[in-house]
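Read-outs: derived from the displayed coordinates by stated rules, not from any lab. Only a predicted model underlies this, so the values are computations on that prediction, with no experimental measurement involved. Every residue, glycine as well, gets a Cβ built from its backbone with ideal geometry; the counts of neighbours run over all protein chains shown.
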């Protein structure tokens, strides 16, 4: 099927492809398997999705391409990019925490592109909820992270049952990764767009020394020095993530937390609030180090340092992207040793302990109990909030419309009047629940 590349880019709001995406488009459509290496935030998702419409056959009503992703968020992100491309080919995402009966029903009218986490896809294959007979394209996104998360068995089972594959694409943001034998890749075309260390000059790494072993006060003072700019704060364990967020909130710094042990809805809401600026500080595990749709920021803070250098690099990939500048702060107690992957003479950042607490975000997130499946669009929400809620254009921030719910950033000073003004109003002839998101 011939695709209109420019139309797809227009649908995505992208003017042109970067060099990595052009190379991926050229090589994925050829016969060889492909191993794509490119940094976090460089546009890998579009790079491996753009060739697909020209490789899929509209006359085949079956799954033709399977994309495996290590996390639910990444699977959903890939699905959203595909939907925005508006190719005409159906897509579905399957992942743990999603209703299995809904997924089975979706697969009864099979998508051309199926996206999912290894555990859930393996479950569907065991249940035989979709046919493998037409599945010829396999894409393993962030495949090394899937392996690190313990999905060896599921991935081996899945790939071992795909007898008719003719194209395999492996995608990663990490150099020097050993391709597992079960992937079945032989002599792939390697597209390596990870910059060499000597070219990575935009990222500044600085040391912040804590006088106390519990570094929460040092973290507090550091955040107060960041001029109310967004920051991603990494901890090594889930309990530390929640504790750190709680302690910062008690000190007057409004933050949210994010980790793999949370319910899916709570994880999505934490990311939405961080994306739309109603939360400036996200405390997280390495789950947020790559593969998530979150904005680039000036600051990454390592409250705990990871064991391995590649994990440190992935965390830092959230800043200083695409020639922009950024700073990674490393918090260490004065008796802690600097890990082997950092220079011992790391430049120290002296915090000013007299700086005020960051300003509270100007916007608040509003929940709407309707989404795409209810025929609700961004335009419908803007219309209601503007006409009945009396909001000006500058009072409405980022709007995210999902299948059954939506979220809107609204200037906090206008929230009470908005909710009062639209209390009894309808949208698309239906009354929806509209309230401050929990």
(message) Rounded to whole Å, give me the distance from the Cα center of the range 162-222 to that of the range 329-372.
(response) 21 Å
(message) Based on alpha-carbon centroids, what's the gap between the range 376-411 and the range 84-106 in Å, whole number please?
(response) 25 Å
(request) Would you mind getting the Kirkwood hydrodynamic radius of the range 191-332 from its Cα pairs, rounded to one decimal in Å? (result) 15.4 Å
(message) Can you tell me which of 202, 19, 93 moves the most in a GNM of the chain? Springs connect C-alpha atoms under 10 Å apart.
(response) 19
(request) Counting only DSSP beta bridges with both residues in the chain, tell me the antiparallel percent, nearest 5. (result) 20 percent
(request) Between 337, 388, 84, find the one with the highest GNM mean-square fluctuation for the chain; connect C-alpha pairs within less than 10 Å. (result) 337
(request) Set the Förster radius R0 to 35 Å, insert the Cβ-Cβ distance between residue 340 and residue 392 as r into 1/(1 + (r/R0)^6), and round the FRET efficiency to 0.05. (result) 0.05
(message) Under 10 Å, Cα contacts only: if you run a Gaussian network model on the chain, which one of 79, 347, 242 comes out with the highest mean-square fluctuation?
(response) 347
(message) Against the 2.2 N^0.38 Å scaling, with N counting residues, where does the chain land? I'd like the Cα-based Rg ratio to two decimal places.
(response) 1.03
(request) Please give the residues of the range 286-302, grouped as numeric ranges, whose backbone N is less than 19 Å from a label point set 7 Å along the Cα-to-Cβ vector of residue 355. (result) 297-302
(message) Can you tell me, using C-alpha contacts under 8 Å and at least 6 residues apart, the relative contact order of the chain as a whole percent?
(response) 14 percent
(message) To make sure I understand, if each residue's beta carbon is the centre and we count other beta carbons within 10 Å, what order do 55, 20 fall in, fewest to most?
(response) 55, 20
(request) Quickly work out the residue 264-to-residue 104 label distance, labels modelled 7 Å from Cα along the C-beta direction, and quote it in nm with one decimal. (result) 1.6 nm
(request) Treat the count of other C-beta atoms within 10 Å as a stand-in for reagent exposure and order 95, 341 from fewest to most. (result) 341, 95
(request) Compute the whole-percent fraction of alpha carbon pairs in the range 363-436 spaced more than 21 Å apart. (result) 12 percent
